[in-house]
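This report concerns only the one structure given below.
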Amino acid sequence: MNTALIVVVIVIVAIVVIGVLIYNGLVQRRLRIDEAFAQIDVQLKRRHDLIPNLVNAVKDYMGFEQEVLTQVTQARANAVAAGAQGPVAQAQAENVLTGTLRSLFAVVENYPDLKANQNVLSLQEQLTTTENQISFARQHYNAVVLDYNQSIATIPNVLIAGPLGFTKREFFAAEPEATEVPVVALR
């Protein structure tokens, strides 16, 4: 057999193998993003399930604070609905929900009987734990998205990613308050 033909066949086989390896790597990264987003969804569902219990536990004590409870309930409904709209819309809705929960916790501080209620304390602790798990899940998701976005933007992956429909993924952004520097007043 002709030596030039053997070299051409080897080069073609090597290019095909490299292409398959790159494609498989991109698919694995994309699947890791989907798995990481599913983990965020699990934690958000847990939070969504805890909120009605907390609202029911505090509403008897907070008869005239109905506006705060209504805001929390509406924010929860919006967050649940935003789940199907993608990470950006969901992150925005979840950030609003986080803000309304902070308002609720601030109002709870004004009611000594409510602060002493074991059911309310337990629900607050569960929500705090869930918030921490959401934070960790967001960090993991954003790290996986960064890895994927970098991989589809670099050579040689970009030569395969674009034509095969691998597109940039959006990050799950934190609430705007997370970027503000806290003010500590000691007096």
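The values are calculated or read from the model by the stated rules, or taken from the named source; none is laboratory data. Owing to the predicted nature of the structure, the values given are computational and were not obtained by experimental measurement. For neighbour counting, all protein chains shown are included, and Cβ atoms are generated from backbone atoms with ideal geometry for every residue, glycine included.
When you look at N95, is it assigned to a helix (DSSP H, G or I), in contact (Cβ under 8 Å) with a residue 24 or more places away in the chain and surrounded by fewer than 17 Cβ atoms within 10 Å (Cβ to Cβ), yes or no?
no
For residues that are among the β-branched types (V, I, T) and part of a helix (DSSP H, G or I), scanning just the range 142-166, find the one that is surrounded by the fewest Cβ atoms within 10 Å (Cβ to Cβ).
Only one residue fits best here, namely V158.
Of everything in the range 36-77 that's among the charged types (D, E, K, R) and touching a residue at least 60 places away in the same chain (Cβ under 8 Å), which residue is surrounded by the most Cβ atoms within 10 Å (Cβ to Cβ)?
R47
Looking at the range 104-115, is at least one residue closer than 30 Å to E170 by Cβ, at pLDDT 80 or above and in a helix (DSSP H, G or I)?
Yes, there is a match, as at least one residue in the range 104-115 is closer than 30 Å to E170 by Cβ, at pLDDT 80 or above and in a helix (DSSP H, G or I).
Scan the range 45-61 residue by residue and report those that are at pLDDT 85 or above and either closer than 19 Å to S103 by Cβ or in contact with a Phe, Trp or Tyr (Cβ under 6 Å, 6 or more places away or on another chain) (or both).
R47, H48, L50, I51, P52
Tell me which of these Y61 doesn't satisfy, since it passes every other one: (1) part of a helix (DSSP H, G or I); (2) touching a helix residue (DSSP H, G or I) at 6+ places or on another chain (Cβ under 6 Å); (3) within 30 Å of D113 (Cβ to Cβ).
Of everything listed in (1) part of a helix (DSSP H, G or I); (2) touching a helix residue (DSSP H, G or I) at 6+ places or on another chain (Cβ under 6 Å); (3) within 30 Å of D113 (Cβ to Cβ), Y61 misses just condition (1).
Looking at V88 and the list (1) surrounded by 17 or more Cβ atoms within 10 Å (Cβ to Cβ); (2) touching a residue at least 60 places away in the same chain (Cβ under 8 Å), which single condition is not satisfied?
(1)
Residue check, A173 against (1) hydrophobic (A, V, I, L, M, F, W, C); (2) closer than 19 Å to A89 by Cα; (3) not in a loop (DSSP other than H, G, I, E, B), all met but one. Which one?
(3)
Could you list, in sequence order, the residues of the range 1-55 that are in contact with a helix residue (DSSP H, G or I) (Cβ under 9 Å, 6 or more places away or on another chain), more than 22 Å from G86 (Cα to Cα) and of a type in the set (G, A, S)?
Within the range 1-55, G19, G25 qualify.
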